[in-house]
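Visitor: I'd like to ask you about the structure that follows.
The values are calculated or read from the model by the stated rules, or taken from the named source; none is laboratory data. Note that this is a predicted model, so its numbers are computed, not measured. In this analysis, Cβ positions are derived from the backbone assuming ideal geometry, glycine residues included, and neighbour counts consider all displayed protein chains. With ligands, DNA and RNA removed, areas are computed over all heavy atoms of the protein, side chains included. Shrake-Rupley method; radii C 1.70, N 1.55, O 1.52, S 1.80 Å.
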Amino acid sequence: MTIKACSKLTKNCVSTANEKGGRSMNPITYSCSASEAMNHLRNVLFSMKGAEIAEQSGTRLHAVFTSDKLKFKDDVHFEMDDKAKNIHFRSSSRTGYYDFGVNRKRMEEIEERFRKESGT
């Protein structure tokens, strides 16, 4: 897995690579094939305001979210682990020290939309 843990120096990130604590989240699970899960994830991202897919390669996807008012950019990296049927991720702000929980809320919303999209 190449998803990185969040830095201990800032509080503007959540990741499935972090061990227990405030910046840790569980991966998104799926029961379909990896390619179907990627399609569901892409559909979710296309439906979200301020999201654009910056890069996709095989089992990896990089999305950029731009905030409405101040145009801050956040990076979200996803990686499929088809063996475990998990989508690992890291969502982090490019600037600032604290994100007021924006990255965690975004990932919770993505997971909820993914569940609806995939029917799981």
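Visitor: In a GNM of the chain with a 10 Å cut-off on Cα contacts, which of 84, 34, 54 has the highest mean-square fluctuation?
Guide: Largest GNM mean-square fluctuation: 84.
Visitor: Another one. Karplus couplings for segment 51-57 from phi (6.51 cos²θ - 1.76 cosθ + 1.60, θ = phi - 60°), rounded to Hz, Gly and Pro as x?
Guide: 3J(HN,Hα) across segment 51-57, in whole Hz: 9, 9, 8, 8, 7, 9, 8.
Visitor: Please compute the per residue accessible area over the chain with all protein chains in place, 1.4 Å probe, rounded to a whole number of Å².
Guide: Per-residue accessible area for the chain comes out at 59 Å².
Visitor: Taking every pair of alpha-carbon atoms in segment 18-63, give the share separated by more than 11 Å as a whole percent.
Guide: On the way: 762 of 1035 pairs.
Above the 11 Å cut-off, segment 18-63 has 74 percent of its Cα pairs.
Visitor: Two decimals is fine: what is log10 I(q)/I(0) at q = 0.18, 0.22 Å⁻¹ for segment 67-115, from a Debye sum with one equal scatterer on every Cα and no solvent?
Guide: -0.64, -0.87
Visitor: Using the 4.7 Å Cβ rule, please list in number order the cysteines from the chain without any candidate partner.
Guide: Lone cysteines by the Cβ rule: 32.
Visitor: Continuing with this model, one more query. Relative contact order, percent, of the chain when contacts are C-alpha pairs under 8 Å separated by at least 6 residues?
Guide: Details: 222 pairs, mean separation 36.6, N = 120.
RCO, the chain: 31 percent.
Visitor: Right, next: Which whole-Hz couplings ³J(HN,Hα) result when phi for each residue of segment 39-49 is put into the Karplus expression 6.51 cos²θ - 1.76 cosθ + 1.60, θ = phi - 60°, listed in order with x for Gly and Pro?
Guide: Once rounded to whole Hz, the list reads 4, 4, 4, 4, 4, 4, 5, 4, 8, 9, 5.
Visitor: Cα-based Rg of segment 13-93 per 2.2 N^0.38 Å, rounded to two decimals?
Guide: 1.11
Visitor: Now, a different point. Using alpha-carbon pairs under 8 Å, 6+ residues apart, how would you state the relative contact order of segment 52-101 in percent?
Guide: On the way: 79 pairs, mean separation 12.9, N = 50.
Value for segment 52-101: 26 percent.
Visitor: Right, next: Looking at this model, which pairs from 8/116; 11/83; 11/49; 4/105 are more than 26 angstrom apart at the alpha-carbon? Present the calculation step by step, with values, prior to reporting the outcome.
Guide: Details: 8/116 33 Å; 11/83 31 Å; 11/49 23 Å; 4/105 19 Å.
Among 8/116; 11/83; 11/49; 4/105, the Cα-Cα distance tops 26 Å for 8/116; 11/83.
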